[in-house]
1. Given (1) outside any helix (DSSP H, G or I); (2) of a type in the set (A, V, I, L, M, F, W, C); (3) buried (at least 21 other Cβ atoms within 10 Å of the Cβ); (4) under 21 Å from the mean Cα position of the chain (by Cα), identify the lone condition not met by Cys156.
2. Inside segment 251-299, can you point out the residues that are modelled with pLDDT of 80 or more, aliphatic (A, V, I, L, M) and either farther than 22 Å from Val17 by Cα or more than 16 Å from the ligand (Cβ to nearest atom) (or both)?
3. Condition first: in a helix (DSSP H, G or I) and either open to solvent by 10 Å² or more (accessible area, probe 1.4 Å) or within 25 Å of Gly53 (Cα to Cα) (or both). Now tell me which residues in segment 159-183 satisfy that.
4. Could you run through segment 310-354 and say how many residues are among the basic types (Lys, Arg) and surrounded by fewer than 17 Cβ atoms within 10 Å (Cβ to Cβ)?
5. Output the number of the condition that Gln311 fails; it satisfies all remaining conditions of (1) closer than 16 Å to Gly184 by Cα; (2) modelled with pLDDT of 90 or more.
6. Which number in (1) in contact with a strand residue (DSSP E or B) (Cβ under 6 Å, 6 or more places away or on another chain); (2) touching a residue at least 40 places away in the same chain (Cβ under 8 Å); (3) charged (D, E, K, R) marks the one condition that Arg198 misses?
7. Given the condition surrounded by 19 or more Cβ atoms within 10 Å (Cβ to Cβ) and at pLDDT below 90, answer yes or no: does some residue in segment 395-404 qualify?
Amino acid sequence: MTTDVVIVGASAGGLTVAEGLRRRGFTGSVALVDADPELPYDRPPLSKQVLDGRWPAERARLRDPDELDSLELDLRLGCPAVSLDAPGHRLTLLDGRVLRYRTLVLATGLVARGLPGQEHLAGVHTLRTLTDSELLRAELESARRVVVVGAGVLGCEIAATARGLGREVTVVEPATQPMERLLGPELGAEVARLHTERGVRLLTSTPVTGLVGEAGRVVGVRTGSGAVLPADVVVVAVGGRPATDWLTGSGLVLDDGVVCDERCRAAEDVYAVGDVARFGAGAGAGSGAGSGAGAGERGVRLENRTNATEQGLFVAADILGARAAYRPVPYVWSDQFQVRVQVYGTVPEGPSAVRIVQGSLHSRKFVAHVETDGRLVAVVGWNSPGGTRTARALLTSRHPVPHAP
Ligand SMILES: Cc1cc2nc3c(=O)[nH]c(=O)nc-3n(C[C@H](O)[C@H](O)[C@H](O)COP(=O)(O)OP(=O)(O)OC[C@H]3O[C@@H](n4cnc5c(N)ncnc54)[C@H](O)[C@@H]3O)c2cc1C
(Lines give C-alpha, C1' and ligand atoms only; values in the text may rest on other atoms or scores of the structure.)
Protein backbone atom coordinates (compact mmCIF):
# COMPACT_ATOMS: atom_id res chain seq x y z
CA MET A 1 0.00 0.00 0.00
CA THR A 2 1.21 3.51 -0.80
CA THR A 3 0.48 6.41 1.59
CA ASP A 4 -0.39 9.67 -0.14
CA VAL A 5 1.61 11.91 2.21
CA VAL A 6 4.15 10.76 4.80
CA ILE A 7 5.45 13.42 7.20
CA VAL A 8 8.55 12.75 9.31
CA GLY A 9 8.54 14.91 12.45
CA ALA A 10 5.27 15.53 14.32
CA SER A 11 6.08 18.84 15.93
CA ALA A 12 5.28 22.41 14.90
CA GLY A 13 6.26 22.08 11.23
CA GLY A 14 5.10 18.52 10.53
CA LEU A 15 1.77 18.76 12.32
CA THR A 16 1.01 22.03 10.53
CA VAL A 17 1.49 20.33 7.15
CA ALA A 18 -1.02 17.62 8.16
CA GLU A 19 -3.52 20.19 9.41
CA GLY A 20 -2.99 22.40 6.38
CA LEU A 21 -3.79 19.48 4.07
CA ARG A 22 -6.98 18.60 5.94
CA ARG A 23 -8.07 22.23 6.19
CA ARG A 24 -7.83 22.49 2.42
CA GLY A 25 -10.08 19.44 2.07
CA PHE A 26 -7.45 16.79 1.34
CA THR A 27 -9.02 13.37 2.00
CA GLY A 28 -6.07 11.15 1.04
CA SER A 29 -4.01 9.08 3.49
CA VAL A 30 -1.53 10.95 5.71
CA ALA A 31 1.03 9.29 8.02
CA LEU A 32 2.76 11.38 10.69
CA VAL A 33 5.87 9.77 12.15
CA ASP A 34 7.98 10.92 15.11
CA ALA A 35 10.85 9.47 17.11
CA ASP A 36 9.47 11.06 20.29
CA PRO A 37 6.79 8.96 22.02
CA GLU A 38 4.93 12.04 23.37
CA LEU A 39 1.84 13.45 21.70
CA PRO A 40 2.96 16.44 19.56
CA TYR A 41 4.06 19.34 21.77
CA ASP A 42 5.39 22.85 21.41
CA ARG A 43 8.97 23.77 22.28
CA PRO A 44 8.93 27.45 23.34
CA PRO A 45 7.31 26.67 26.74
CA LEU A 46 10.04 24.10 27.49
CA SER A 47 12.51 26.85 28.49
CA LYS A 48 9.84 29.00 30.14
CA GLN A 49 6.48 27.86 31.58
CA VAL A 50 7.26 24.11 31.72
CA LEU A 51 10.79 24.64 33.04
CA ASP A 52 9.68 26.94 35.87
CA GLY A 53 6.71 24.72 36.75
CA ARG A 54 3.92 27.16 35.91
CA TRP A 55 2.56 24.74 33.31
CA PRO A 56 2.10 20.98 33.58
CA ALA A 57 3.71 19.19 30.62
CA GLU A 58 0.32 18.47 28.98
CA ARG A 59 -0.29 22.18 28.53
CA ALA A 60 2.56 22.32 26.03
CA ARG A 61 0.69 19.92 23.72
CA LEU A 62 0.02 21.36 20.30
CA ARG A 63 -3.40 19.70 20.03
CA ASP A 64 -5.53 17.64 22.38
CA PRO A 65 -6.12 13.96 21.55
CA ASP A 66 -9.62 14.62 20.12
CA GLU A 67 -8.29 17.25 17.75
CA LEU A 68 -5.58 14.85 16.59
CA ASP A 69 -8.17 12.10 16.05
CA SER A 70 -10.25 14.41 13.88
CA LEU A 71 -7.32 14.74 11.45
CA GLU A 72 -7.55 11.00 10.67
CA LEU A 73 -3.82 10.46 10.56
CA ASP A 74 -1.79 7.31 10.72
CA LEU A 75 0.11 8.64 13.77
CA ARG A 76 3.27 6.72 14.56
CA LEU A 77 4.98 8.08 17.67
CA GLY A 78 8.14 6.66 19.25
CA CYS A 79 9.04 5.49 15.77
CA PRO A 80 12.24 7.03 14.31
CA ALA A 81 12.77 7.05 10.56
CA VAL A 82 16.17 5.51 9.88
CA SER A 83 16.65 5.66 6.13
CA LEU A 84 15.21 7.06 2.95
CA ASP A 85 15.33 5.94 -0.65
CA ALA A 86 14.15 9.14 -2.31
CA PRO A 87 14.19 7.88 -5.94
CA GLY A 88 12.31 4.73 -4.83
CA HIS A 89 9.81 6.68 -2.65
CA ARG A 90 10.48 4.42 0.36
CA LEU A 91 10.98 5.40 4.01
CA THR A 92 12.26 2.85 6.51
CA LEU A 93 11.42 3.07 10.23
CA LEU A 94 13.46 1.71 13.15
CA ASP A 95 10.94 -1.10 13.67
CA GLY A 96 11.80 -2.34 10.16
CA ARG A 97 8.59 -1.21 8.49
CA VAL A 98 8.84 0.41 5.10
CA LEU A 99 6.42 3.19 4.20
CA ARG A 100 5.86 3.78 0.50
CA TYR A 101 4.72 7.31 -0.22
CA ARG A 102 3.60 9.56 -3.04
CA THR A 103 4.80 12.72 -1.27
CA LEU A 104 7.23 12.96 1.65
CA VAL A 105 7.68 15.91 4.01
CA LEU A 106 10.78 16.15 6.20
CA ALA A 107 10.20 18.12 9.41
CA THR A 108 12.83 16.64 11.71
CA GLY A 109 14.08 19.86 13.30
CA LEU A 110 17.37 20.02 15.18
CA VAL A 111 19.49 17.94 17.52
CA ALA A 112 21.05 19.88 20.41
CA ARG A 113 24.82 20.26 20.24
CA GLY A 114 26.80 19.21 23.29
CA LEU A 115 30.27 19.63 24.74
CA PRO A 116 32.85 16.86 24.43
CA GLY A 117 32.56 14.39 27.31
CA GLN A 118 29.22 15.64 28.63
CA GLU A 119 27.53 12.29 28.06
CA HIS A 120 29.72 10.75 30.78
CA LEU A 121 28.81 13.33 33.44
CA ALA A 122 25.57 13.56 35.44
CA GLY A 123 24.25 17.07 35.98
CA VAL A 124 24.96 18.27 32.42
CA HIS A 125 21.89 19.07 30.31
CA THR A 126 20.80 20.18 26.88
CA LEU A 127 17.24 21.34 26.22
CA ARG A 128 15.35 20.31 23.12
CA THR A 129 12.62 17.86 24.18
CA LEU A 130 9.89 17.68 26.79
CA THR A 131 11.85 15.00 28.62
CA ASP A 132 14.92 17.31 28.64
CA SER A 133 12.81 20.07 30.20
CA GLU A 134 11.37 17.79 32.87
CA LEU A 135 14.80 16.36 33.77
CA LEU A 136 16.34 19.83 34.02
CA ARG A 137 13.43 21.10 36.08
CA ALA A 138 13.86 18.23 38.55
CA GLU A 139 17.56 19.02 38.96
CA LEU A 140 16.98 22.75 39.33
CA GLU A 141 14.88 22.01 42.40
CA SER A 142 17.91 21.00 44.45
CA ALA A 143 20.71 22.85 42.65
CA ARG A 144 22.29 25.98 44.12
CA ARG A 145 24.76 26.97 41.39
CA VAL A 146 23.78 26.75 37.74
CA VAL A 147 26.15 27.47 34.88
CA VAL A 148 24.66 28.05 31.43
CA VAL A 149 27.12 27.63 28.55
CA GLY A 150 26.03 29.88 25.68
CA ALA A 151 24.13 33.18 25.76
CA GLY A 152 22.06 32.77 22.62
CA VAL A 153 18.28 33.05 22.86
CA LEU A 154 17.88 29.65 24.50
CA GLY A 155 20.74 30.09 26.98
CA CYS A 156 19.39 33.48 28.05
CA GLU A 157 15.89 32.10 28.52
CA ILE A 158 17.15 29.18 30.60
CA ALA A 159 19.29 31.55 32.69
CA ALA A 160 16.29 33.83 33.31
CA THR A 161 14.11 30.89 34.31
CA ALA A 162 16.73 29.42 36.66
CA ARG A 163 17.35 32.84 38.21
CA GLY A 164 13.58 33.30 38.61
CA LEU A 165 13.59 30.05 40.60
CA GLY A 166 16.15 31.64 42.93
CA ARG A 167 19.29 29.85 41.74
CA GLU A 168 22.77 31.38 41.51
CA VAL A 169 23.23 31.59 37.76
CA THR A 170 26.38 32.18 35.71
CA VAL A 171 26.24 32.47 31.93
CA VAL A 172 29.43 31.98 29.89
CA GLU A 173 29.61 33.20 26.31
CA PRO A 174 32.50 33.71 23.86
CA ALA A 175 30.84 36.66 22.05
CA THR A 176 30.97 40.19 23.41
CA GLN A 177 27.23 40.40 24.16
CA PRO A 178 24.40 37.95 24.83
CA MET A 179 22.05 37.24 21.91
CA GLU A 180 24.51 39.07 19.69
CA ARG A 181 23.81 36.91 16.64
CA LEU A 182 20.10 37.77 16.76
CA LEU A 183 20.26 41.40 17.92
CA GLY A 184 23.74 42.72 17.13
CA PRO A 185 26.08 44.09 19.81
CA GLU A 186 24.22 47.32 20.61
CA LEU A 187 20.88 45.73 21.47
CA GLY A 188 22.62 42.66 22.88
CA ALA A 189 24.00 45.03 25.50
CA GLU A 190 20.39 45.63 26.64
CA VAL A 191 20.00 41.90 27.26
CA ALA A 192 23.24 41.98 29.25
CA ARG A 193 21.85 44.81 31.36
CA LEU A 194 18.59 42.96 31.92
CA HIS A 195 20.36 39.85 33.15
CA THR A 196 22.97 41.51 35.35
CA GLU A 197 20.34 43.72 36.99
CA ARG A 198 18.43 40.57 37.95
CA GLY A 199 21.50 39.01 39.50
CA VAL A 200 22.78 36.77 36.70
CA ARG A 201 26.58 36.66 36.53
CA LEU A 202 27.34 37.17 32.87
CA LEU A 203 30.80 36.31 31.54
CA THR A 204 31.03 37.43 27.92
CA SER A 205 34.15 37.22 25.72
CA THR A 206 34.79 34.02 27.66
CA PRO A 207 35.22 30.73 25.80
CA VAL A 208 34.57 27.44 27.56
CA THR A 209 37.27 24.79 27.22
CA GLY A 210 35.69 21.90 29.08
CA LEU A 211 33.68 20.41 31.89
CA VAL A 212 35.10 19.37 35.25
CA GLY A 213 33.72 16.27 36.94
CA GLU A 214 34.13 14.31 40.13
CA ALA A 215 32.88 10.77 40.66
CA GLY A 216 30.85 10.91 37.45
CA ARG A 217 29.08 14.19 38.21
CA VAL A 218 29.81 17.67 36.93
CA VAL A 219 31.27 20.10 39.48
CA GLY A 220 32.38 22.94 37.23
CA VAL A 221 33.01 24.53 33.87
CA ARG A 222 36.53 25.43 32.77
CA THR A 223 36.98 28.68 30.84
CA GLY A 224 39.70 29.79 28.44
CA SER A 225 41.67 31.46 31.21
CA GLY A 226 41.87 28.16 33.11
CA ALA A 227 39.41 29.31 35.79
CA VAL A 228 36.80 26.80 36.95
CA LEU A 229 33.26 28.03 37.56
CA PRO A 230 31.71 25.81 40.24
CA ALA A 231 28.40 24.24 39.24
CA ASP A 232 25.81 21.80 40.60
CA VAL A 233 24.03 21.82 37.23
CA VAL A 234 25.37 22.83 33.82
CA VAL A 235 23.14 23.59 30.84
CA VAL A 236 24.83 23.48 27.46
CA ALA A 237 22.98 25.84 25.10
CA VAL A 238 25.37 26.11 22.19
CA GLY A 239 22.87 25.63 19.37
CA GLY A 240 21.68 22.68 17.38
CA ARG A 241 22.43 20.91 14.13
CA PRO A 242 19.81 19.76 11.64
CA ALA A 243 18.56 16.22 12.31
CA THR A 244 19.69 14.82 8.97
CA ASP A 245 22.24 12.10 9.86
CA TRP A 246 19.72 9.44 8.92
CA LEU A 247 19.35 10.97 5.43
CA THR A 248 22.94 10.26 4.39
CA GLY A 249 22.80 8.20 1.20
CA SER A 250 19.16 9.08 0.56
CA GLY A 251 19.87 10.95 -2.66
CA LEU A 252 18.98 14.33 -1.12
CA VAL A 253 21.42 17.23 -0.96
CA LEU A 254 22.43 17.95 2.65
CA ASP A 255 24.26 21.14 3.60
CA ASP A 256 23.60 22.18 7.19
CA GLY A 257 19.99 21.16 6.57
CA VAL A 258 17.96 19.65 3.77
CA VAL A 259 18.61 21.78 0.70
CA CYS A 260 15.45 22.76 -1.13
CA ASP A 261 14.25 25.15 -3.81
CA GLU A 262 11.98 28.18 -3.46
CA ARG A 263 8.97 25.89 -3.19
CA CYS A 264 10.69 23.98 -0.35
CA ARG A 265 11.17 20.89 -2.55
CA ALA A 266 14.26 18.82 -1.83
CA ALA A 267 13.67 16.36 -4.69
CA GLU A 268 10.82 15.09 -6.81
CA ASP A 269 7.94 14.56 -4.31
CA VAL A 270 10.06 15.44 -1.25
CA TYR A 271 9.65 18.65 0.77
CA ALA A 272 11.33 19.98 3.90
CA VAL A 273 9.87 22.42 6.45
CA GLY A 274 10.88 24.09 9.70
CA ASP A 275 14.27 24.18 11.38
CA VAL A 276 15.69 21.43 9.14
CA ALA A 277 14.87 23.10 5.80
CA ARG A 278 17.42 25.18 3.86
CA PHE A 279 15.09 26.73 1.34
CA GLY A 280 15.55 28.96 -1.71
CA ALA A 281 18.91 27.42 -2.60
CA GLY A 282 20.20 28.48 -6.00
CA ALA A 283 17.60 31.22 -6.25
CA GLY A 284 20.18 34.00 -6.44
CA ALA A 285 20.91 36.77 -3.99
CA GLY A 286 18.12 39.07 -2.97
CA SER A 287 15.27 36.75 -3.79
CA GLY A 288 14.95 35.22 -0.39
CA ALA A 289 13.26 35.47 2.93
CA GLY A 290 11.77 38.82 3.81
CA SER A 291 14.23 41.54 4.60
CA GLY A 292 17.90 40.91 5.04
CA ALA A 293 17.69 37.12 4.73
CA GLY A 294 18.33 36.91 0.98
CA ALA A 295 18.38 33.26 0.03
CA GLY A 296 21.34 33.40 -2.35
CA GLU A 297 23.04 30.30 -3.67
CA ARG A 298 23.12 28.42 -0.40
CA GLY A 299 19.54 29.17 0.65
CA VAL A 300 18.30 30.11 4.10
CA ARG A 301 17.52 28.05 7.15
CA LEU A 302 15.39 29.66 9.86
CA GLU A 303 15.21 28.38 13.42
CA ASN A 304 12.05 29.88 14.81
CA ARG A 305 8.59 28.80 15.79
CA THR A 306 6.67 31.07 13.43
CA ASN A 307 8.58 29.83 10.39
CA ALA A 308 7.67 26.22 11.24
CA THR A 309 3.97 27.11 10.99
CA GLU A 310 4.23 29.41 7.98
CA GLN A 311 6.37 26.99 6.02
CA GLY A 312 4.13 24.05 7.00
CA LEU A 313 1.08 25.86 5.61
CA PHE A 314 3.01 26.85 2.50
CA VAL A 315 4.07 23.25 1.80
CA ALA A 316 0.56 21.89 2.38
CA ALA A 317 -0.70 24.35 -0.24
CA ASP A 318 2.10 23.43 -2.67
CA ILE A 319 1.36 19.71 -2.33
CA LEU A 320 -2.21 20.50 -3.35
CA GLY A 321 -1.16 22.47 -6.41
CA ALA A 322 -0.46 26.06 -5.32
CA ARG A 323 2.62 27.46 -7.04
CA ALA A 324 4.59 30.24 -5.35
CA ALA A 325 8.01 30.96 -3.85
CA TYR A 326 8.38 30.80 -0.08
CA ARG A 327 9.51 34.26 1.09
CA PRO A 328 8.73 34.81 4.75
CA VAL A 329 9.69 37.75 6.92
CA PRO A 330 11.73 36.00 9.64
CA TYR A 331 10.26 36.47 13.12
CA VAL A 332 11.66 35.40 16.49
CA TRP A 333 10.36 36.25 19.93
CA SER A 334 11.85 35.54 23.32
CA ASP A 335 10.51 35.99 26.85
CA GLN A 336 12.98 36.66 29.67
CA PHE A 337 12.33 38.25 33.07
CA GLN A 338 8.90 39.60 32.02
CA VAL A 339 10.45 41.20 28.93
CA ARG A 340 9.30 40.21 25.46
CA VAL A 341 11.95 40.72 22.79
CA GLN A 342 10.72 40.48 19.18
CA VAL A 343 12.71 40.56 15.99
CA TYR A 344 11.31 40.85 12.47
CA GLY A 345 13.81 40.55 9.64
CA THR A 346 17.48 39.73 10.07
CA VAL A 347 20.16 41.75 11.83
CA PRO A 348 23.26 41.31 9.63
CA GLU A 349 26.62 40.22 11.00
CA GLY A 350 28.45 43.28 9.66
CA PRO A 351 28.03 46.91 10.63
CA SER A 352 24.51 48.29 10.94
CA ALA A 353 22.87 51.34 12.47
CA VAL A 354 20.32 51.05 15.26
CA ARG A 355 17.69 53.82 15.59
CA ILE A 356 15.15 53.88 18.39
CA VAL A 357 11.92 54.95 16.68
CA GLN A 358 9.52 54.52 19.56
CA GLY A 359 10.01 54.64 23.35
CA SER A 360 13.53 54.65 24.78
CA LEU A 361 16.21 52.33 26.11
CA HIS A 362 15.86 54.12 29.44
CA SER A 363 12.13 53.30 29.74
CA ARG A 364 12.82 49.65 28.84
CA LYS A 365 10.10 49.80 26.24
CA PHE A 366 11.10 50.57 22.67
CA VAL A 367 10.99 49.75 18.99
CA ALA A 368 14.29 49.93 17.11
CA HIS A 369 15.02 49.97 13.41
CA VAL A 370 18.20 48.25 12.28
CA GLU A 371 19.51 49.63 9.00
CA THR A 372 22.32 48.71 6.64
CA ASP A 373 23.34 51.14 3.89
CA GLY A 374 20.20 53.16 4.64
CA ARG A 375 17.96 50.11 4.15
CA LEU A 376 15.74 48.75 6.90
CA VAL A 377 16.77 45.13 7.53
CA ALA A 378 15.18 44.40 10.91
CA VAL A 379 12.76 45.72 13.49
CA VAL A 380 13.44 44.93 17.15
CA GLY A 381 10.79 45.40 19.81
CA TRP A 382 11.37 45.44 23.54
CA ASN A 383 8.13 45.06 25.47
CA SER A 384 6.33 46.81 22.61
CA PRO A 385 4.29 44.21 20.71
CA GLY A 386 1.89 46.71 19.10
CA GLY A 387 4.59 49.07 17.82
CA THR A 388 6.75 46.18 16.65
CA ARG A 389 3.95 44.66 14.60
CA THR A 390 3.23 48.01 13.00
CA ALA A 391 6.90 48.55 12.14
CA ARG A 392 7.02 45.09 10.51
CA ALA A 393 4.97 46.45 7.62
CA LEU A 394 7.89 48.73 6.73
CA LEU A 395 10.07 45.67 6.13
CA THR A 396 7.82 44.44 3.37
CA SER A 397 6.91 47.79 1.86
CA ARG A 398 8.84 49.05 -1.15
CA HIS A 399 8.84 52.64 0.13
CA PRO A 400 11.92 54.16 1.75
CA VAL A 401 11.96 54.08 5.54
CA PRO A 402 10.73 57.40 6.91
CA HIS A 403 13.32 59.23 9.01
CA ALA A 404 12.35 61.61 11.77
CA PRO A 405 13.21 65.23 10.78
C1 LIG B 1 13.48 25.04 24.47
C2 LIG B 1 13.14 25.80 23.21
C3 LIG B 1 12.54 27.05 23.30
C4 LIG B 1 12.24 27.77 22.13
N5 LIG B 1 11.67 29.01 22.25
C6 LIG B 1 11.39 29.71 21.12
C7 LIG B 1 10.81 31.01 21.22
O8 LIG B 1 10.59 31.54 22.31
N9 LIG B 1 10.54 31.68 20.05
C10 LIG B 1 10.79 31.14 18.81
O11 LIG B 1 10.54 31.78 17.79
N12 LIG B 1 11.33 29.88 18.70
C13 LIG B 1 11.63 29.18 19.82
N14 LIG B 1 12.18 27.92 19.72
C15 LIG B 1 12.40 27.34 18.36
C16 LIG B 1 11.15 26.61 17.87
O17 LIG B 1 10.60 25.83 18.87
C18 LIG B 1 11.53 25.77 16.67
O19 LIG B 1 11.90 26.68 15.64
C20 LIG B 1 10.40 24.85 16.20
O21 LIG B 1 10.09 23.91 17.18
C22 LIG B 1 10.78 24.15 14.90
O23 LIG B 1 9.80 23.24 14.57
P24 LIG B 1 10.11 21.97 13.66
O25 LIG B 1 8.80 21.24 13.53
O26 LIG B 1 10.85 22.40 12.46
O27 LIG B 1 11.16 21.10 14.48
P28 LIG B 1 11.07 20.45 15.95
O29 LIG B 1 10.12 21.22 16.81
O30 LIG B 1 12.46 20.31 16.40
O31 LIG B 1 10.45 19.02 15.66
C32 LIG B 1 11.15 18.04 14.96
C33 LIG B 1 10.52 16.69 15.28
O34 LIG B 1 11.11 15.72 14.45
C35 LIG B 1 11.33 14.53 15.21
N36 LIG B 1 12.40 13.76 14.57
C37 LIG B 1 13.72 14.10 14.43
N38 LIG B 1 14.39 13.13 13.76
C39 LIG B 1 13.46 12.16 13.47
C40 LIG B 1 13.54 10.91 12.80
N41 LIG B 1 14.68 10.45 12.25
N42 LIG B 1 12.40 10.17 12.70
C43 LIG B 1 11.23 10.61 13.24
N44 LIG B 1 11.12 11.79 13.88
C45 LIG B 1 12.21 12.55 13.99
C46 LIG B 1 11.69 15.05 16.59
O47 LIG B 1 11.44 14.06 17.57
C48 LIG B 1 10.78 16.26 16.72
O49 LIG B 1 9.55 15.94 17.34
C50 LIG B 1 12.52 27.19 20.86
C51 LIG B 1 13.13 25.94 20.78
C52 LIG B 1 13.44 25.25 21.94
C53 LIG B 1 14.10 23.90 21.84
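The values are calculated or read from the model by the stated rules, or taken from the named source; none is laboratory data. These figures come from a predicted structure and were not determined experimentally. Using ideal geometry, Cβ is built from the backbone for each residue, glycine included, and neighbour counts are taken over all protein chains shown. Side chains included, ligands, DNA and RNA excluded: accessible areas come from the protein's heavy atoms. Shrake-Rupley method; radii C 1.70, N 1.55, O 1.52, S 1.80 Å.
1. Condition not satisfied by Cys156: (1).
2. Result: Val253, Ala267, Ala281.
3. Correct list: Ala159, Ala160, Thr161, Ala162, Arg163, Gly164, Glu180, Arg181, Leu182.
4. Step one: of segment 310-354, the residues among the basic types (Lys, Arg) are 323, 327, 340.
Pick out the ones that are also surrounded by fewer than 17 Cβ atoms within 10 Å (Cβ to Cβ) and you get 323, 340.
Total meeting the criteria: 2.
5. So the condition that Gln311 fails would be (1).
6. So the condition that Arg198 fails would be (1).
7. Yes, some residue in segment 395-404 is surrounded by 19 or more Cβ atoms within 10 Å (Cβ to Cβ) and at pLDDT below 90.
Let's see how each residue does on (1) within 9 Å of the ligand (Cβ to nearest atom); (2) of a type in the set (Val, Ile, Thr); (3) open to solvent by 20 Å² or more (accessible area, probe 1.4 Å):
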residue: Arg102; (1), (2), (3): no, no, yes
residue: Gly109; (1), (2), (3): yes, no, no
residue: Arg113; (1), (2), (3): no, no, yes
residue: Leu121; (1), (2), (3): no, no, yes
residue: Leu130; (1), (2), (3): no, no, no
residue: Leu135; (1), (2), (3): no, no, yes
